[in-house]
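The values are calculated or read from the model by the stated rules, or taken from the named source; none is laboratory data. Computed from a predicted structure; not experimentally measured. When we count neighbours, we look across all protein chains shown, and the Cβ atoms used for this are built from the backbone with ideal geometry, even at glycine. These area figures cover heavy atoms from the full protein model, side chains too; ligands, DNA and RNA do not enter into them. Shrake-Rupley method; radii C 1.70, N 1.55, O 1.52, S 1.80 Å.
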Amino acid sequence: MGQGSVSKQKLADSEYQFICNKVNDFYGEFSLYKNRANGKLVALINKVDRNSESIKTRINYDHENLLKIYKHQSNKVSDMCSENSYQQFLVEYFPNNIINHKVSENDLYKIIFSINDAMIYCQEQGNEINDLHPSKVLIDDSGTIKIIDNELVQQPLNNFQQVKYSDRTLEYLAPEQLQLFTKQKTQYSQEKANIFCLGLIVVHLITQTEISDYYLEEEINFDLMYKKVYQQFQRNQYSDNLNDLIQIMLQKQPTQRPSYKQLQARKLQIATFDRPPESLTISIQNMQGPDQVLQQGPVELQNSMNMPQQMTLQMPQQIDESLKQRIERAIQQSTKVLEQTEKYQYKSQHQKYTSSETQSDLFKFETIPNPLMPTQQQFNEDRIKNILQKSNEVMTRSRKRF
């Protein structure tokens, strides 16, 4: 073990100041250092040498959304029975991930396209991301997104294996991966599963709800998920572009989801905000929990999320035609009852029953429309409330005359 100790001192030389030893789910035990010159944190990771060639390739990665390896060396430790080899990395370290962070719509675009661009790069290097989870999506001091990729973790299990073999709860699995549990499927596309998981990350950031809450055994409760998302779309006035992105990423059928490159092509189509995604930064200061968000009013919420005034986007204000017709029909029926009452001026149990029946029919509304369905099904609640109020007034006068 002495040789390993000497190697550690050699890799983390006088340029770095030792801070402490830490443990996390990805690196296992590692040592935290600070660069004496610029104050940046680095992690000294020891990893069992499984594939030296892939590790050598990883050292040369140059992508802004992947953690940078500053130094590397191979080591061997001998004991009485065997000799084990392992790799040491001195890699960027950022303590903040995106879980429970409140972000603006601009920042959501940045997260989507930064993660997707990193997945494209890793795929081209033969190191496809196989466990896209928000705990592995970090934010550096300038707000840049950083991904912990497979080569840096101690156990590079994919997201399905993480749920099946480890302690991770049932979450961040695509519908086709859930079918592996029931043997309905035996294989799947990791790329298409990653696209679905990227959509789930966006849902988590929008709703501030644990994704595991939407999983029911081998099924995903899309109705609950859509309801939560819809509430936040109404509250924060998210745009159609974001609606469309979520919709295509969360398609149940993998063949209907875009590939990495198809999704990245949509980056050029996002033109609903003044600044392009590349120039956005995510503030990791003064972050507030979901309980504080719920207590804020619309103005306070917009200010706390650093949403620019130009991004106060209105959702399409179109009323569902079938609902409109049903409301108008109910109003006509109640008006007709009122006219008949004024004409004949008498009471009957039948008329009371008719009035009560008309009133109950008036409130037979459909469930809240799916926010991820096309926007023409969304409606203007204010107009509906006005229609209902007028109808109720007619119904009240009708009952008084009976």
>> Condition check: open to solvent by less than 40 Å² (accessible area, probe 1.4 Å), modelled with pLDDT of 90 or more and acidic (Asp, Glu). Does residue 29 satisfy that?
In response: no
>> For the stretch 205-218, give me each residue that is in contact with a helix residue (DSSP H, G or I) (Cβ under 7 Å, 6 or more places away or on another chain) and open to solvent by 60 Å² or more (accessible area, probe 1.4 Å).
In response: 218
> Pairs, please: C-beta under 6 Å, at least 6 apart or cross-chain, first residue closer than 16 Å to residue 127 by Cα and in the stretch 54-78, second of a type in the set (Ser, Thr, Tyr) and open to solvent by 20 Å² or more (accessible area, probe 1.4 Å)?
Replying inline: 63/121
>> Tell me the residue from 165, 172 that is aromatic (Phe, Trp, Tyr) and farther than 30 Å from residue 42 by Cβ, please.
In response: 165
> In the stretch 164-204, how many are acidic (Asp, Glu) and either open to solvent by 30 Å² or more (accessible area, probe 1.4 Å) or touching a Cys at 6+ places or on another chain (Cβ under 6 Å) (or both)?
Replying inline: 2
>> So residue 272 ticks every box in (1) at pLDDT 90 or above; (2) touching a Ser or Thr at 6+ places or on another chain (Cβ under 7 Å); (3) hydroxyl-bearing (Ser, Thr, Tyr) but one. Which box is left unticked?
In response: (1)
> Given (1) part of a strand (DSSP E or B); (2) touching a Ser or Thr at 6+ places or on another chain (Cβ under 9 Å); (3) charged (D, E, K, R), where does residue 102 come up short, assuming only one miss?
Replying inline: (1)
> Out of curiosity, is residue 293 farther than 17 Å from residue 117 by Cα, part of a helix (DSSP H, G or I) and at pLDDT 95 or above?
Replying inline: no
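Strands (runs of 3 or more DSSP E) wholly in the stretch 28-91 with at least 3 residues that are under 29 Å from residue 113 (Cα atoms) - which ones? It would help to see each step written out before you state the result.
Numbers: elements: 28-35, 41-48, 69-78.
Hits in the stretch 28-91: 41-48, 69-78.
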> Just checking, how many residues over the stretch 145-161 are open to solvent by less than 30 Å² (accessible area, probe 1.4 Å) and polar (S, T, N, Q)?
Replying inline: 3
